[in-house]
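Okay, so here's the structure we're looking at.
The values are calculated or read from the model by the stated rules, or taken from the named source; none is laboratory data. All of these numbers come straight from a predicted model, not from anything done at the bench. As a convention, Cβ positions derive from the backbone with ideal geometry for all residues, glycine included, and neighbour counts pool all protein chains shown. Remember, those area values only see protein heavy atoms, side chains included, never the ligands or the DNA or RNA. Shrake-Rupley method; radii C 1.70, N 1.55, O 1.52, S 1.80 Å.
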Amino acid sequence: HGIDLGHSEIIDPAQFDKLEEYAQDHVKLRAHRGVDLDKARERMHDPLWLGPTMVRHGDADGMVCGVTRAARKTIAAMLRVIPLAGGVRRASALSLVFSKTHGVLGFADTAINIEPTEEELAEIAILAAEEYAALGLEPRVAMLSFSSYGGTPHPASDMVRRAVDIARI
């Protein structure tokens with residue numbers, strides 16, 4: 001897919017020179033929840049916390065996660081470090097699949113929201129398309145239902161159709 005990782009740097013949390021700076025920032029961010037400097041230092045040794053903190057500080061552009069830990073656990077740490085963007089009501093996941101025959105495919109939300117409302121479905125679709133475009137890819141969004149064309153009328157498929165209408169506005 002033409003991705004060059006040659007300029008990538010592997011960070012060992014135990015040897016990372018910004019660990020103390022990050023820990024102090026984390027205390028400021030989470031002190032209201034009882035996080036002290038010792039707890040913050042412990043968290044910065046965990047990639048689950050270090051990754052989003054690097055993104056927060058501009059030392060990383062993004063992070064790959066959810067491979068060795070449940071997605072819900074990775075999202076919880078991220079949301080405690082990186083707030084939702086202004087106007088965004090709910091976090092959602094965008095999974096990228098690199099296919100030899102179809103290129104890069106994005107799937108949202110396959111990991112976080114269990115029964116989103118039609119408004120939330122529309123927001124998930126819009127945000128996924130924006131992120132996909134930010135990667136330099138042309139977004140084409142499809143919302144899936146077991147009865148997309150009304151052959152089997154059901155409140156769940158009606159909700160998906162309304163979500164499509166909302167997203168188009």
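Every condition in (1) open to solvent by 50 Å² or more (accessible area, probe 1.4 Å); (2) over 12 Å from the mean Cα position of the chain (by Cα); (3) closer than 29 Å to HIS32 by Cβ holds for ILE82 except the one numbered (2).
Conditions tested, residue by residue: (1) touching a Lys or Arg at 6+ places or on another chain (Cβ under 6 Å); (2) open to solvent by less than 70 Å² (accessible area, probe 1.4 Å); (3) in a loop (DSSP other than H, G, I, E, B).
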position: GLU119; (1), (2), (3): no, no, no
position: LEU127; (1), (2), (3): no, yes, no
position: GLU130; (1), (2), (3): no, no, no
position: SER145; (1), (2), (3): no, yes, yes
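Is at least one residue of the range 96-111 assigned to a loop (DSSP other than H, G, I, E, B), of a type in the set (S, T, N, Q) and open to solvent by less than 60 Å² (accessible area, probe 1.4 Å)? Within the range 96-111, none of the residues are assigned to a loop (DSSP other than H, G, I, E, B), of a type in the set (S, T, N, Q) and open to solvent by less than 60 Å² (accessible area, probe 1.4 Å). Can you find a residue in the range 10-31 that is within 16 Å of the chain's Cα centre (by Cα) and surrounded by fewer than 17 Cβ atoms within 10 Å (Cβ to Cβ)? For the range 10-31, residues within 16 Å of the chain's Cα centre (by Cα) and surrounded by fewer than 17 Cβ atoms within 10 Å (Cβ to Cβ): absent.
Taken over the range 1-20, residues that are under 19 Å from LEU48 (Cα atoms) and either in contact (Cβ under 8 Å) with a residue 40 or more places away in the chain or small (Gly, Ala, Ser) (or both) amount to 4.
Under the condition of being modelled with pLDDT of 90 or more and farther than 28 Å from MET63 by Cβ, the residues counted in the range 120-153 number 0. Within the set ARG90, ARG43, ARG69, ARG80, the sole residue that is touching an Asp or Glu at 6+ places or on another chain (Cβ under 8 Å) and at negative phi turns out to be ARG90.
Whenever a residue of the range 99-119 is of a type in the set (Gly, Ala, Ser), its partners that are in a strand (DSSP E or B), lying with C-beta atoms within less than 8 angstrom and at least six residues away or across chains, give the pairs SER99/LEU105; GLY106/LEU94; GLY106/SER95; GLY106/LEU96; GLY106/VAL97; ALA108/LEU94; ALA108/SER95; ALA111/SER95.
Among the residues of the range 57-95, those identified as closer than 26 Å to GLU119 by Cα, part of a loop (DSSP other than H, G, I, E, B) and basic (Lys, Arg) are ARG89, ARG90. Taking first residues from the range 154-169 that are more than 12 Å from GLU119 (Cα to Cα) and open to solvent by less than 40 Å² (accessible area, probe 1.4 Å) and partners that are in a loop (DSSP other than H, G, I, E, B) and not polar (S, T, N, Q), the Cβ contacts under 7 Å between residues at least 6 apart in sequence or on separate chains come to SER157/PHE146. Looking at GLY66, GLY51, GLY87, GLY106, just one residue is at pLDDT below 90, small (Gly, Ala, Ser) and either under 14 Å from the mean Cα position of the chain (by Cα) or under 30 Å from ALA163 (Cα atoms) (or both), and that residue is GLY66. Assess whether THR68 counts as being loosely packed, with under 10 Cβ neighbours inside 10 Å and among the hydroxyl-bearing types (Ser, Thr, Tyr). So THR68 passes the test. Within the bounds of the range 32-45, is there any residue that is assigned to a loop (DSSP other than H, G, I, E, B), open to solvent by 70 Å² or more (accessible area, probe 1.4 Å) and under 30 Å from LEU137 (Cβ atoms)? No: the range 32-45 contains no residue that is assigned to a loop (DSSP other than H, G, I, E, B), open to solvent by 70 Å² or more (accessible area, probe 1.4 Å) and under 30 Å from LEU137 (Cβ atoms).
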